[in-house]
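Here the structure comes first, spelled out in structure tokens, and everything after it is commentary.
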Amino acid sequence: MEECRSDLDERTKGIPDDEKPSVYVGALSFRGTHGIESTQGKYALLEAINAKNVVDETGRTGSIMLDKEKIIQWDPDIKNLRKLSYRRFFHWSYWSDLNRRPAHYECAALPLSHSSI
């Protein structure tokens, strides 16, 4: 594992911050599944590739819940939702929220990638 981490670090550490895309990873599980507003500061997988995690500008680490408006404000280049929590994203309560505030999902979720990170 350490060899892989070192390899990723070596390949990405020299990329200047202004050349890196901004990244947001949402729908992270902690104490249950959550929607797009669930994320982490200093997210280990983004740290491993020296990515520019927009959440890091909050100064907080670990699991946090954000206002969806903040995600829209950041408008990150890459948006990623965890696949395991992705189903929760489409739970009836999120459909209800989608109908009330579609801009939260249009701006923050498109283009949307959902993976099993």
Take the residues in region 11-61 that are among the hydroxyl-bearing types (Ser, Thr, Tyr), out of contact with any Asp or Glu (no Cβ under 8 Å at 6 or more places or on another chain) and part of a strand (DSSP E or B); name whichever of them is modelled with the lowest pLDDT. 38
Any residue in region 14-28 that's exposed (fewer than 10 other Cβ atoms within 10 Å of the Cβ): show its pairings with residues that are part of a loop (DSSP other than H, G, I, E, B) at Cβ separation under 7 Å, as long as the two are six or more apart or on different chains. 21/77
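The values are calculated or read from the model by the stated rules, or taken from the named source; none is laboratory data. These numbers come from a predicted model, not from an experiment. Neighbour counts are summed over all protein chains in view; Cβ atoms, including those assigned to glycine, are modelled from backbone coordinates with ideal geometry.
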